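Enquirer: To start, I am sharing the structure in question, which I have written as structure tokens.
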Amino acid sequence: MIEQLNQLAEPIGAIVGFVLTLMVLSYIIGDNVLFRLAISIFIGVASGYAAILILYNVIWNQVLVPVYQIFTTGKAGDLLSYVIRVIPAVILGVWMMTKLSPRLARWGTPVLAFLTGVGAATVIAGAVRGTIFPQVQASINILNTQTAPPELSKLVGWFINGLIVLVGTITTLIYFQFGMKRQEEGVPAQRPVVLDYLSTAGQGFIVVTLGVLFAGVYIATLSALIDRVRFLWDVIARFF
Amino acid sequence: MTEITCPLCGKPNPPDRDVCQFCEAPLKTSGFIASPDDQDIFTQIPTPSSQPDESTEPGDQPESTSSLEQAIPDWLKQTEASFLQPSEPESEEPAPDHISEEIDSLLNLVPTPSDEQKPAIDDEWLASLLAEAGVGELAQETLAAEPLQEAMEAEETGEPGLTSEELSEEEGLLPPAELEKPEWLSDMEASSTIKLEGGMQPSESLHIEAPAEEKAEKKGAEQVEVPEWVGKTSFGEKPPTPKEPETPIVPAEIPGWLEALRPSREEKVSPSKPVEDISAADIVTAGPLVGLRGVISAHPSAIQARKPPTYSIKLRVTEEQHARVQMMEELLAEEQKPKPLPSKPILTYRHIIRLVVAVLLILPIVWMVVSRSQQGPSPQPSNVPGVVEFAQQVQALPAGAPVLIAFDYEPGFSGEMNPAISTVLTQLASKNAYLSLVTTTPSGPALAESLMKNVSAGALAASSAYSNYTDLGFIPGGTMGLLGLAASPRTVLPYSLDGKDVWASEPLNTISSIADFSAVIVITNDPDTARVWIEQVGPHLQTQDRPLLFITSTQAEPLIRPYYQAAPSQVQGMVAGLAGGLAYGGTVGSPGQNGLWEALSISITVSILIILIGSIVSVVFLTLASNKKKEDEERP
């Protein structure tokens, strides 16, 4: 029976996917009921699946199953580890549920402050250690001659690439420099002309960067469209 | 008296009943209704009303007159009679009814004649006394003091004496001239428009009928010659005017504020309240106030609850008003009606443009997908950054090596990323790598399971499914969860999705940190997620020189490439987008791209053309519109 259901699941899923894909593509003719219905179904299914996953994967597997394992195996070390690792998390989690009640919301503030503080510290430490310092070091070494390729053809490309990266980095940083020297009273504040030109160049680099990002998004969207068209064709070829 | 009226409810009762048969109120002991016996007692008291014709026939005196009374000289009796004569008009008033007479008899108790106690007065004694004291003063004082003295003597002896009312009656006998009326009061009386009924004179206001015996004595005295000075001071005279010479009275010292309140002589002051004449008012015949005149009856019939009259609440409007109301209602109804919006046309300019662009994009894609065209060259690994390095890292993995794969991408990007993921998973499966699947997005486990099934069923074409992997599931906590995973994977994910303790068996039993994995492959379409993995997990991997590889979307590639191109690189290999997946497939000899690359290429070309044409058309129209606007402005 289960084997038969498993065999039917794939074609049923394909048909449902086919219908839902057409409903989403109906947005070509404008906003309509079919499109909104499909979007609602996707949101509902995704939310339900996420809730079940978190309940099962976190509450069940990481909180309740360890207790069962400890009692079945009878390992005191596991019990101590569980108490140290899980119980504080459970207490904080239950404590944070006071935020659900407007009357008790202020009691959950310490937990929220603890989570916010730890999260901010984690993000800042990771950004400094994983992005800022390594990227600054990479920018410094981008025109390091010791890393230059020995071939002349590649050397030109390496140099041009390094030069573009260097100019782009400097001019983009100058664009975001908004400070200026204090002027006499009545004299309008204005940046030096050189900084204005460099800032304009940095603005150009920013525009190109945003264009590249938009192109990447557009190509990703086209790839998704191609995948859906191919799926529709595969379903049509399969059943017709 | 055949029946007794109840003083409380006013209903008749038989005379033999002591209490009311309707309300049980006492009938004979009530304060206002006297019993027949009590009535007899009252009737025995001589009252002016009970002695008729005495005033009209002064000669008829009762035979029971005392000897002292007989001793009074006739002239004095005549003087008294002349004094009492002006009170006769009161007897002309309509006689009250029986109950009213009883009330009057109660209120106007006639004192017992004390004439017997008066000493005998003769002319000589009175003449000598008047000669010593002066004219009028002594006689007046004597007349005023006698009743008071009699009252004091009565109190001392315990005999029923004169009451305060009787005293006042005696005072009423004083001649009006002896009452010192202030001049301002006389002026006020003269100017007042409120007069008592019957034109009450100042002398009448103080007059009270004297007993019948006294009247008889006075009438008898009229026949006696009266001295000349007595005639001048008789009670029948009008009171002396204030202009008459009087004994000067030393004025008292009045404070200034009181003097200011005192009405001036020129000022005419009217009394604050008129004197109410209740002589014509009805007499209460029932209830506790029976017999009183001028009061509100407490008879139950007076306070009986009645059904309130009904008044019509229907608004009376004229036809013209009704027509105006209808007109107003019609106006309001028109205002409240929602005005229908202009119906949108089915096909608008925007709809046409949108349909044209969709057709231009979809038709080439459909054509390429249907035809499975492979005319154009597929992307080469050397032309796509990161693909070669990615392939080298995977090839460098030992057989059965533990590999951590993070499925952190959305299902919507599966069409772009699935070719690369399938190829990588197939390559790893061919090396029998132990795959540990994790995710930081809720949809990750489902995508991982689906891809593993596809790899087992399709790419590997094996008889049995690939089972050398474990799905550790969802990593909670976001950034902090990844940091915990990097430090201690078994602490963050102690059990797999199927509830097994996979860390106790090979090959994960040797894993204590994330650096113990041979490689970490992150599949994500979000550049932020990629950055978090690089920042939190990358440093742990670099310490053990473990590769951090990325399979990503085209949209995230520009933001991940700096980490890949950095020196030293933080990302050791990268496969981005459909082009990267196809390029990576070329390195492992995967089957053809089945028209995907051609479809992507032609759709990109069409898109560029549409953008260019649209830009040119837009510029042309804007230029024409601008020129037209300038021409309109230049025209006068």
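Enquirer: Between region B:352-374 and region B:335-351, how many Å separate their Cα centres?
Expert: 32
Enquirer: Sticking with this structure for a sec: Arrange the residues B:604, A:91 by how much accessible surface each exposes, largest first, with a 1.4 angstrom probe. Please list the in-between numbers first.
Expert: Values: B:604 50, A:91 95 Å².
Ranking B:604, A:91 by accessible area, largest first, yields A:91, B:604.
Enquirer: Sequence-distant or interchain residues sharing an amide H contact under 5 Å with residue B:10, placed H: which?
Expert: B:287
Enquirer: Sticking with this structure for a sec: Roughly speaking, what is the centre-to-centre gap between region A:19-81 and region B:548-611 when only Cα atoms are used, to the nearest Å?
Expert: 30
Enquirer: Where the convex hull is taken over the Cα atoms of region A:86-141, what is its projected area averaged over directions, in nm²?
Expert: Mean projected area for region A:86-141: 5.0 nm², to one decimal.
Enquirer: When only DSSP loop residues count, what trypsin sites (Lys or Arg not before Pro) in region A:125-222 have their Cβ near at most 14 other Cβ atoms within 10 Å? Numbers along the way, then the final one.
Expert: Details: sites: A:129, A:154, A:181, A:182; in loops: A:181, A:182.
Counting only loop positions with at most 14 other Cβ atoms within 10 Å, the trypsin sites (Lys or Arg not before Pro) in region A:125-222 are A:181, A:182.
Enquirer: Within the set of other residues whose C-beta is less than 10 Å from the C-beta of residue A:219, count the net charge using Lys and Arg as +1 and Asp and Glu as -1.
Expert: With Lys, Arg at +1 and Asp, Glu at -1, the neighbours total -2.
Enquirer: Follow-up question, since we're still on this one. Once you keep just the Cα pairs under 8 angstrom separated by 6 or more residues, what percentage relative contact order results for region A:1-136?
Expert: 8
Enquirer: Can you figure out the FRET efficiency of residue B:334 with residue A:27, using R₀ = 41 Å and their beta-carbon distance, to the nearest 0.05?
Expert: After rounding, the FRET efficiency stands at 0.55.
Enquirer: Taking beta carbons within 10 Å but only from partner chains, what does the mean come to for residues B:531-537?
Expert: Across the residues of B:531-537, the mean count of other-chain Cβ atoms within 10 Å is 5.
Enquirer: Residue B:519's amide H: which non-local residues (gap 5+, or another chain) put their own amide H closer than 5 Å, with H modeled 1.01 Å from N in plane and none for Pro or chain starts?
Expert: Hits under the 5 Å cutoff: B:404.
Enquirer: Taking amide hydrogens as modeled 1.01 Å from N in the peptide plane, which residues meet the under 5 Å criterion relative to residue B:551, leaving out close sequence neighbours?
Expert: The list, which skips near neighbours in sequence, is B:522, B:523, B:524, B:575.
Enquirer: Then there's this: Relative contact order, percent, of chain A when contacts are C-alpha pairs under 8 Å separated by at least 6 residues?
Expert: 13
Enquirer: Further, regarding this structure: What's the Kirkwood radius of region B:381-590 in Å, using all Cα pairs?
Expert: 16.7
Enquirer: Another question about this same structure. Buried accessible area for the A:B pair, summed, 1.4 Å probe, in Å² rounded to 100?
Expert: Roughly 4400 Å² of accessible surface disappears when A and B pair.
Enquirer: Quick one: Karplus J couplings for region B:335-352, per residue in order, coefficients 6.51, -1.76, 1.60, θ = phi - 60°, nearest Hz, x for Gly and Pro?
Expert: Values per residue, Gly and Pro as x: 6, 7, 6, x, 6, x, 5, x, 4, 6, x, 5, 10, 10, 4, 5, 4, 5 Hz.
Enquirer: Please compute the volume of the convex hull spanned by the alpha-carbon atoms of region B:326-417 and report it per residue in Å³.
Expert: It comes to 273 Å³ per residue, whole-number rounded.
Enquirer: Here's something else I'd like to know. Packing-wise, with mean Cβ within 10 Å as the measure, how do B:500-512, B:560-572 rank, highest first?
Expert: B:560-572, B:500-512
Enquirer: May I ask you to work out the translational diffusion coefficient for region A:19-120 at 25 °C, viscosity 0.890 mPa s, via Stokes-Einstein with Rh from the Kirkwood sum over Cα pairs, reported in whole µm²/s?
Expert: 140
Enquirer: Which ³J(HN,Hα) values, rounded to whole Hz and listed in residue order, are derived for region A:165-174 from phi using the Karplus coefficients 6.51, -1.76 and 1.60 in 6.51 cos²θ - 1.76 cosθ + 1.60 with θ = phi - 60°, glycine and proline given as x?
Expert: So the J values, rounded to whole Hz, are 5, 5, 5, x, 5, 5, 5, 5, 5, 5.
Enquirer: I'd like the FRET efficiency for residue A:12 and residue B:351, computed as 1/(1 + (r/R0)^6) with the beta carbon distance as r and R0 of 22 Å, rounded to 0.05.
Expert: With R0 = 22 Å, the Cβ-Cβ based efficiency is 0.05.
Enquirer: Go through region A:212-220 residue by residue and turn each phi into a ³J(HN,Hα) via Karplus (6.51, -1.76, 1.60, θ = phi - 60°); whole Hz please, and just put x for glycine and proline.
Expert: Result, rounded to whole Hz: 5, 4, 5, 4, x, 5, 5, 5, 4.
Enquirer: Tell me the Rg and the Dmax, in Å, that the Cα atoms of region A:16-72 produce.
Expert: Considering region A:16-72 through its Cα atoms, Rg and Dmax are 18.9, 61 Å.
The values are calculated or read from the model by the stated rules, or taken from the named source; none is laboratory data. All figures in this text were calculated on a predicted structure; none of them were measured in a lab. All Cβ positions, even for glycine, are placed from backbone atoms using ideal geometry, and neighbour counts span all protein chains on display. Each accessible area value is taken on the protein alone, full model and side chains, heavy atoms only, with ligands, DNA and RNA left out. Shrake-Rupley method; radii C 1.70, N 1.55, O 1.52, S 1.80 Å.
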